[in-house]
Structures are given as C-alpha cells and as structure tokens.
Amino acid sequence: MVSILQELEAREYFGMRLGLSKIQGVLAFLQHPERKYPSIHVAGTNGKGSTAMTIAILLQQAGLRVGLFTSPHLIRLNERFWCDGRTIDDASLERLAREVDEAQKSVSLPEPLTFFEWVTAMVFLWFAEQKVDVAVLEVGLGGRLDSTNVVIPDVCVITSIGYDHAERLGKTLGEIAYEKAGIIKPGVPVICGVQDKGLQSVFQKKADQEKAEMIFVDFSKRLHRHDDGIFDYDEYKDLTLSLWGSHQCENASLAIEAARKFLKIHQISLGEKIIREGLKSVCWPGRLEWLPQHRTLLDGAHNVDAIRALVRFVEENYAGSPLTLLFGAMKDKEAASMLKHLAPFASKIIVTRPGLCSDTRHIVKRSLDPDLLKECLSHRDIKIIPDSQKAWQEARHLLGEGEIILVTGSLFLVGEVRQFLVHP
C-alpha cells in the first residue's frame, strides 16, 4: 500500500505546472495559514537558498521564532521545513500531507496539486502551527507563477538573474527577470542584488507600478572582500562568513540588508553583534562543503552561472592542486557547457548519473545519461560510471598525494554522495 508521503514524492516527477489558482483554492479552504505571520520572499537564479538561510539565522539571532522554507532537499523532504534550527519530524510531515490532501479533494480542483504546490501548502500550515514570528520563503521556480507567490510579504529579495529553466521562464535574461519581478507586491520594499543596469530597469519598472521601494545593493561601492571569507559591508568591518566562496559575501550582504529592513518595519534593531555571530553560524550543506576526511568538495552548482562561481572558487583556493571531477546533471540543464567550464581544472573526469545508486527512479527519469556527455570532451579521457557511489569510490581510488575530489553538476548528485559519505 502506497503511503501518503510516497504518493507525494512520486508526484514531484509528474511535471511542474506553474500557476496560482489551485493553491489559492486549497489555502482558502485551510483558512489561509500563510496570512497568519509576516514573511520575507526570496527569488533569484542563484544564491537565493543561502541568502534565505542567512536571513533566517540573522532574524533568529535577533530573538525571533523563524520558519524557513527552501528547496530542493538534499536527502530528505524534512529538510525543506525548518523552524528555529530544527527540521520537521516524520509524524508531523505525514499528518500535514494528509491534511493538504483532504483539502485538495474537498475543493474539487480541476487537476491535482503538483508536488511543489502540495509541499508549499504543508509548510504554510506548519509555520502557523509553530506560531513563527516570521517565515523566510525561497521561491521554487521563477516567481510570478510560483506557488509561494500567494503571500504578501513584508520584504522581497531578488538575488541574481541568470540562464536557468529557460523553457519555462524565457530565453532572454530580460524575460527571466520579468518572471522573477513577479514577486514584487504593492508597497513592499525590494532588496535586489542584480548589478546589470538593463536588468535593473525591469525590476524598477515593476516596483514603480506597485509603488514599492526598490533598493539595489551596489556591491562595488558597499562590499569589500578580504581573504579567507572576511569582508566589509557598509559600516561593518571584518565580518567573518562561515560559507565559502566570494559570491557568498554578496548573498550575505543581501541578507543583512533584508534583515535590517524587516526588523526596522517591526521596530527591532539589528545590532552589530547579532550580524557578526549570525554570519559565523550559517550552515548550508552541499554548497561548497568540504569533507576533509574524504578529501571531497561538494557543490550543488547546476547551471552555467553557478559553475562559473565554482570555477572562481577553485581558481582562488585550489590553483595548482590536482582535482578529480565527479560530475552528473539533470536533462534540463546545460550539462555540456557546465562540463566544459570545469574540465580545464580537472586532471581526471568521471561522469555519473544522479539517482541510479539508490534506484531512485523518479530522479533517474530526470537525470542525464552520462554517455551523452562523452562527445562534448572528445579530446579528454572521461570515465563513465552510472552508479554515483561506485563513481565516487573510483575517484577516491584514483586520488594521488594532495589531490581532491570535486562533486558537482546537480544538487541531487551532491545529496546522494553526501548521504553515503556523511550518513553511511
């Protein structure tokens, strides 16, 4: 007999259908749990997850009870449901899944909720039960038609714009920016990390239409990076960030700005001590995560812009160090282009297939057959090992003195590898 959570998990892979009407109907039946607490809404191509997590940590350090909703999960669905540093327990997750299922049946939807709509409704209910002071919500895909976009937040955040999900969001950066700008609401201030002036005009136009304050954070003037994850932002000097990568300083700056704006609205101050302690304590697994005992670096970069940021990190921190690349991607990603960006830094390349090692069929259906990547680097000797656990074991076997393994290309792949390394 299929459990309610198995039914929910299977639904993730029936396809995503953007739109708000179904979740609006379900939330109305559930008496609008999403309206029972203030929220901060975070969109963007890259950096939105770590930005959302950092905002949540800063607000928690300020004394608030904070809910955080992010996606995707690395290993377990529970990871998407976070409140004051803890994830939801299995019993509550199953109970909420049943409650939302009963609601969708009661309102006679024209078609069932998608996986993400179902999970979004569940998290709204859970945050209401937890009586959070604020919910930090990461957009799943795009913004305008994403199921999280039913909220009227106190603050909106837009991190970056890049090419991803072009088949759904548009083929140009302007079209993608338009979809992200869809989270901007009447009178709600917007913190934006987009630096391109042309793209800024897309957000400014939407903000003007909604009479919303638009705050573009100019990193060139307000952010100064030092070595080893130390940076200055505005009046705050020598801030230490626990997350690796120079791009994380930009995400942290947006988080500081968003937390300050939210707390100012609620007449709470964000002291310098809170900022310093908060930034030191942020943990975001699978994103430039170093596992020293396995000599393995995990990074869930899964589009070209994220891979470029990863390459910059490798150049800055592992220049001259031999690197074995373990790569796997999903079918809807620019996998060949990502692999070509990484190849010059790899002494050995192994390509694998996310989902195969655990026979996770719904992931396998979405993941790219590694044989299709052989031709994109015909001049290189590429090993094809479809099972990701066997692929990592081979990478470990091949390691020489001072070499490391880099696992990247997909968060699903990173989650699999992390599971058998951290939780064998």
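The values are calculated or read from the model by the stated rules, or taken from the named source; none is laboratory data. Computed from a prediction, not measured in an experiment: that's the story for all the values here. Cβ sites come from the backbone with ideal geometry, for glycine too, and all protein chains shown count toward neighbours.
One table, with the values for the structure above:
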{"quantity": "Candidates ALA306, ALA258 - the one that is touching a residue at least 24 places away in the same chain (Cβ under 8 Å), assigned by TED's automatic domain parsing to the domain that holds MET338 and among the hydrophobic types (A, V, I, L, M, F, W, C)", "calculated": "ALA306"}
{"quantity": "Out of SER71, SER108, sole residue that is small (Gly, Ala, Ser), surrounded by fewer than 23 Cβ atoms within 10 Å (Cβ to Cβ) and within 14 Å of the chain's Cα centre (by Cα)", "calculated": "SER71"}
{"quantity": "Out of SER378, SER337, sole residue that is over 21 Å from GLY162 (Cα atoms) and hydroxyl-bearing (Ser, Thr, Tyr)", "calculated": "SER378"}
{"quantity": "Residue check, LEU288 closer than 17 Å to GLY415 by Cα, modelled with pLDDT under 95 and touching an Asp or Glu at 6+ places or on another chain (Cβ under 6 Å)", "calculated": "yes"}
{"quantity": "Scope region 395-416; condition of a type outside the set (Ser, Thr, Tyr), under 23 Å from LEU368 (Cβ atoms) and surrounded by 17 or more Cβ atoms within 10 Å (Cβ to Cβ); matching residues", "calculated": "ALA395, ILE405, LEU406, VAL407, GLY409, LEU411, PHE412, LEU413, VAL414, GLY415, GLU416"}
{"quantity": "Complete set of residues in region 282-334 that are surrounded by fewer than 17 Cβ atoms within 10 Å (Cβ to Cβ) and in a loop (DSSP other than H, G, I, E, B)", "calculated": "CYS283, PRO285, ARG295, TYR318, ALA319, GLY320, SER321, PRO322, LYS331, ASP332"}
{"quantity": "Hits in region 222-248 - residues which are part of a helix (DSSP H, G or I) and modelled with pLDDT under 95", "calculated": "HIS247, GLN248"}
{"quantity": "Leading residue by the ranking (modelled with the highest pLDDT) among those in region 5-39 that are polar (S, T, N, Q) and assigned to a helix (DSSP H, G or I)", "calculated": "GLN24"}
{"quantity": "Any chance ALA91 is farther than 17 Å from SER21 by Cβ, small (Gly, Ala, Ser) and crowded, with 21+ Cβ neighbours inside 10 Å", "calculated": "no"}
